[in-house]
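A short worksheet on the structure shown next.
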Amino acid sequence: MQRLTRQRNAVFSAFSDAGRVLTAPQILAHAREIVPEISLSTVYRQVSLLLADGEIAKVELPGEPARYEVACKPAAHGQPGHGDSHADHHHHYFHCSSCGQVYLLHSCPGPMDDLAPKGFQVKSHEVTLHGICASCAGAETTGKGRAGKSH
C-alpha cells in the first residue's frame, strides 16, 4: 500500500464526489478542487498506484478512452456480492451517446449460459447499454440539446 498523499487523496476523492466512472481529465478536474496545482501527469501516476493497490479498476469500452472506477471489494461471507458468484465482482455500464458519460448499472443480469450456443461454457460477460442519460434526455425534450457536452 502506498503512502497517503494530498494528491492521492484528491484523485481517490474524485470517484466518491462524482459517483460515476471517470476519465483521467475528469479525475483531474475533480482533484483540482482539492489540490489546485495537481497536474495530469500526477493524476496518471496516482491512478497507476491506485490500480496497482487494487483500489480502483480500469474500465475499457471499445473506441473510448480508458476510464476508472472504485474497485469492488469481495463481499463478506454470507453477504450477497455483485455478479455471478462471490469470486466474480464486476460491473456493467450505461454509456450516454450524447454527452459521453459512463454510469454504473445497478445490477447484473446474471448468468448468460442460456445465450451461448449449445455445448459452450460462459466464463465471464460484460454488458454495456448505449443510449441517452436522463440529463441529456431532459435537455432534448426542452430543446436544449447537449450533444458533445459533459455534465
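Values as computed for the structure displayed
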| item | result |
| --- | --- |
| Extension reserve of the residue 142-residue 112 stretch, reckoned as 0.36 nm per residue once the Cα distance is removed | 6.9 nm |
| For residue 59, residues with placed amide H under 5 Å, excluding near neighbours | 67, 68, 69 |
| Computed lengthening from residue 66 to residue 51, 0.36 nm per intervening residue step minus Cα-Cα distance | 4.1 nm |
| Kirkwood Rh in Å, taken over region 1-72 so that all alpha-carbon pairs contribute | 12.0 |
| Residues in region 45-62 reached by a label modelled at residue 90 [backbone nitrogen below 17 Å; 7 Å Cα→Cβ] | 57-62 |
| Mean separation of Cα contacts under 8 Å, 6 or more apart, over the residue count of region 1-72: relative contact order % | 33 |
| Stretch gain in nm, segment residue 34-residue 129, where the contour uses 0.36 nm per residue and the Cα spacing is subtracted | 30.9 nm |
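Since every read-out is calculated from the coordinates, none of them should be taken as a lab result. The shown structure was predicted, so the numbers you read here are calculated from the model rather than taken from an experiment. FYI the Cβ positions are ideal-geometry reconstructions off the backbone, even for glycines, and counts take in every protein chain you see.
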